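The structure appears right after this line, and notes come after that.
Values in this text are rule-based calculations from the coordinates and carry no lab data. Quick caveat: nothing in here was measured; it's all calculated off a predicted structure. Ideal geometry is used to build each Cβ from the backbone, glycine not excepted, and the neighbour counts take in all protein chains shown.
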């Protein structure tokens, strides 16, 4: 079967600094793939390059077997490749409902209609509310997004990206700043997602990683250090040696200070 | 221009019941406002009525500025150009073709749409202050063109426009012109209000708040921005046609820097993003320019300049912001 | 052919003035994202200073005095604007603020000098003409061209070669980084704002014998300066120079050939450049944003 997402020698450099260094990665359809590595390993740059926010210096990105490297971020999103942001990127002057409805109305192809008020588009409104409910924000639908707490903003970010009906979704540290309860809700939500959806997730919380991931890739200095099932990564000597010295693997992956 | 932030988020207010009530109140307010405005010629004399006619025409221009600046987040100083295109088109139609108001408005609308389409593609590729700069450059180019082009009277302007007629009847008095202008302005308001509340309006607010995120969600902001720019050009041109219907004389001054600046000031005073605020701002600004300037030896611009500076320092969210603030605190407590 | 030469020279003189005027606008925008809409009004202050001091055909001494007085007035206005804009956080508010100042300054000038059109003569020994290829051309305009060339050299050395210039260029590229390095950008910003405004006011004096002084001139000059900055690229000295020379030529050509459509030609030139290069011809390099 064609992999949902395939990276071939993907490289992104800033002058002499290579933030993403010839990354090869294959994510099968329906897979939950975790990307871990210490801060500065190039995870966020990799996401941005895959999503098209940044142009690749070299290499290719294939989405369902089709080369999308030359496409803009917006075109990739239209083909179902979406991402969330490490720092919530919301529409702070709009209501919580509007934030999600923006994603829904694009998918339902009514984003440029102005023949009647938005609340008249019942399917958009209903779908947006469903997505808000799934992250537990339905009660705040009519608040302005800027009134949300940090954790709630992360939830909204998740609802928004899922509302865009992605084929492949990349979560950039989704649980950073969430409370324990919110993290639990997020993990449950992710477990409940249909297997038609492919998930790549950058995560520091190793409990979440080993609970959700089918496969784990370790990124170090912009390059792939190891890739495999969670159990294999846990016990991988190369991973351990490369950056631990003697310490426990978990400490390193959590960025030490966390 | 952010909402008043509180450090502690309010506990999740379960599905707020006040929303439908607010909608009902808004409809009631709109009906009351329309009724009051329609009654004006029955109460006031000819001069105040003609003054208010101009306010309505100017308010339509201000609406178009609000559509761009308040709703889409593209601050503009170029809308006076399309206002002028509309005014000149209506005046030319009036002088050479017909005195029919509807034809004049329709011709102005198309001309404004075309002018915005021809010039807008350059501007919408820019963001924020660069957009402001480009619209100013476009507006001033059109202003200078009107000032030198003999076909439209050059610096002398275009005079000799016959009184506007509606449905074949020449409007005999200031009051009837007022009603005509009020009707068209109300229609323009309704169109802009509908756009603002529609999915397209939501798209535009999304672009205002976070254009990069819109792209990441699969939107193409460029065409959406170009569309609203053309729409705003058409709305401004309708305002210009209404202005010409009342004043019956168009000069390059009507599309100058000062008019563009006043329109932007009206939006800022009125609170960008709402629709009624900028309309009130438009009335206020025109009142100051045309009435107060008589008391300061014709130098109204001096007062307005000072108002600009004062507004920036004292009311960053405008009139609508003042009105909203008490309700916010009430909701919090 | 010979009239064409006159047009080219007129364009160069215009370009010199435009460079002096647009430079401050461009650098201030590049360094602090402030669009100074009062720039045209400051130019007009310079023009009216010239009217006040040299209006009755004064000699070179009074002309120099006018230049110095205009520079001082411009610097004071620029410094005040810098202080006011730094006190307001939002870019739109800053633009509105300068717009308000522009209205106040321009209207005050009308209050003092009336709304008449003032034309000025070049200072006494320079008001003659010289023969160039059989055409008589005003000496004064040649001197304006020379002034523009010297100004370009001085500014280029200052901004591209000196330590102060390095700070200015770095601030254009990445203001936060320069502040993080512990350099006090505030004083540099105020300095550039004041110096740019002083240059614009001096431009007003120098342009006096060519463009005169009248209400509304501030808008025309602001438009030309904006187009220069947009065409040349924001925040760059070389861009401002190239844009000024180009727009000077376009303007002179337009006025000579199609006076009615000169502003249309200006717009067309701007559109053509932006179509090919959306950031202008020679934009300042900005920091890589990840």
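Of note:
- Pair residue A:60, residue B:306: separation of 7 Å Cα→Cβ label points (nm): 7.0 nm
- Tail beyond 32 Å, pair distance distribution of chain C (Cα, percent): 23 percent
- P(r) tail for chain B: Cα pairs beyond 39 Å make up 13% of the total.
- Debye intensity ratio in log₁₀ form over the Cα atoms of segment A:135-192, taken at each q of 0.20, 0.28, 0.30 Å⁻¹: -0.76, -1.35, -1.44
- When chain B is treated as a GNM with alpha-carbon contacts under 10 Å, the residue of B:283, B:193, B:123 showing the greatest mean-square fluctuation is B:193.
- Highest mean packing comes first when the peptides C:198-205, B:210-217, B:32-39, C:270-277 are listed by Cβ atoms within 10 Å, giving C:198-205, B:210-217, C:270-277, B:32-39.
- Shape class of segment B:117-240 from the Cα gyration tensor (axes a ≥ b ≥ c, square roots of the eigenvalues): oblate, since a/c reaches 1.5 or more and a/b does not exceed b/c.
- For segment B:139-185, the spread of Cα positions along the three principal axes, ordered from largest to smallest, is 35, 22, 17 Å.
- Taking the C-alpha atoms only, the angle from helix B:318-332 to the longest principal axis of chain B is near 20 degrees.
- Comparing A:147, A:182, A:157 in a Gaussian network model of chain A (Cα springs below 10 Å), the most mobile by mean-square fluctuation is A:147.
- Shielding of B:253-262 by partner chains, average beta-carbon count, 10 Å: 3
- Restricting the calculation to Cα atoms, segment A:1-156 yields a radius of gyration followed by a Dmax of 18.0, 54 Å.
- Cα long-axis angle, helix C:139-161 against chain C (0 to 90 degrees, to the nearest 10): 10 degrees
- Cα-projected label distance for residue A:109 with residue C:117, points at 7 Å along beta-carbon direction, nm: 6.0 nm
- Ranked for footprinting exposure by Cβ neighbours inside 10 Å, fewest first, B:299, B:127 give B:127, B:299.
- Distance distribution P(r), the protein assembly as shown, all Cα-Cα pairs, bin width 10 angstrom from 0: 2, 11, 19, 21, 19, 14, 8, 4, 1, 0 percent.
- Distance cut-off 19 Å, percentage of C-alpha pairs in segment C:87-210 lying past it: 68 percent
- When each of B:51, B:133 is scored by the number of other beta-carbon atoms lying within 10 Å, the sequence from fewest to most is B:51, B:133.
- Kirkwood Rh and Cα Rg combined as Rg/Rh, segment C:157-283: 1.03
- Rounded to the nearest 500, the 222 nm mean residue ellipticity of chain B from helices alone is -23500 deg cm²/dmol, with -39,500 (n - 2.57) taken per DSSP H run of at least 4 residues.
- Based on alpha carbons, the Rg and Dmax found for segment B:24-73 are 13.8, 40 Å.
- Segment A:90-163: radius of gyration over Cα atoms, expressed as a fraction of 2.2 N^0.38 Å: 1.01
- Projected-area mean, segment C:1-53, by convex hull of Cα positions, square nanometres: 5.0 nm²
- Averaged over peptide C:258-264, the number of partner chain Cβ atoms lying within 10 Å of each residue's Cβ comes to 5.
- Taking only the C-alpha atoms of segment B:58-141, the Rg (one decimal) and the largest Cα-Cα distance, Dmax (whole number), read 13.6, 41 Å.
- Number of partner chain Cβ atoms within 10 Å, mean per residue of A:89-102: 5
- Degrees separating the helix C:163-173 axis from the principal Cα axis of chain C, which is the longest one: 70 degrees
- The orientation-averaged projected area of the convex hull spanned by the Cα atoms of segment C:66-125 comes to 5.5 nm².
- Fewest neighbouring Cβ atoms within 10 Å first, the residues A:67, B:147 line up as A:67, B:147.
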